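Here the structure is laid out as structure tokens; the discussion comes afterwards.
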Amino acid sequence: MENNINELIKILMFEYDVDIFNKSREKDCVEARAIFSKIMYSYHNIGYTKIGRILGKNHATVYHYIKNFDAWIKYDESFKKKYFNILSVYSNGLEIKDINDTNKVWYENIILSAKIESLETKLSSGLYALLDKVPQNKAFIVYERLESIIKMNC
């Protein structure tokens, strides 16, 4: 469990460029602590008090983070994007067996949602719009040519 906590802290500090143990009330610090709290509570079934001890906060603060988390995800696009980025990176090092049984389905759903969102972003790019116009029988030729272009520029 300690490895999971340390890994998540590193990811949060990289994504937000803040120290989550800082007493600051700046938006980035609060968001980073909220994401930490949500992941520890939802995926590892750690209680408010224990999360609070880790962060140097009391259980009521952790409760506030988790209670308001869904609203932040729903209305703050920047927060949502950062959360899914963090969750995606964190989940790569986390095995499903590390998560308690009651949260596995919810966790897998969140991961799949993040992957779908990432794929939708890629599909909306101009390159994929062009590739959609390529006839199926010519797809391999286009692939080979793109691969050659990439090799020339590297």
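The values are calculated or read from the model by the stated rules, or taken from the named source; none is laboratory data. Owing to the predicted nature of the structure, the values given are computational and were not obtained by experimental measurement. Here the Cβ positions follow ideal geometry from the backbone for every residue, glycine too, while neighbour counts run over all protein chains shown. Areas reflect the complete protein model, heavy atoms only, side chains present, ligands, DNA and RNA absent. Shrake-Rupley method; radii C 1.70, N 1.55, O 1.52, S 1.80 Å.
Among all residue pairs at least 6 apart or on different chains, which show Cβ distances below 7 Å where the first residue, located in segment 15-27, is under 17 Å from Gly52 (Cβ atoms) and the second is among the small types (Gly, Ala, Ser) and not in a loop (DSSP other than H, G, I, E, B)?
Hits for this filter: Ile20/Ala32.
Find all pairs meeting these conditions: Cβ atoms under 6 angstrom apart; at least six residues apart or on different chains; first residue within segment 51-62 and closer than 16 Å to Leu8 by Cα and modelled with pLDDT under 95; second residue buried (at least 18 other Cβ atoms within 10 Å of the Cβ) and not aliphatic (A, V, I, L, M).
Qualifying pairs under 6 Å: Ile51/Ser37; Leu55/Arg33.
Could you list, in sequence order, the residues of segment 41-79 that are open to solvent by less than 80 Å² (accessible area, probe 1.4 Å), in a loop (DSSP other than H, G, I, E, B) and not aliphatic (A, V, I, L, M)?
Passing the criteria: Gly47, Gly56, Lys57, Asp76.
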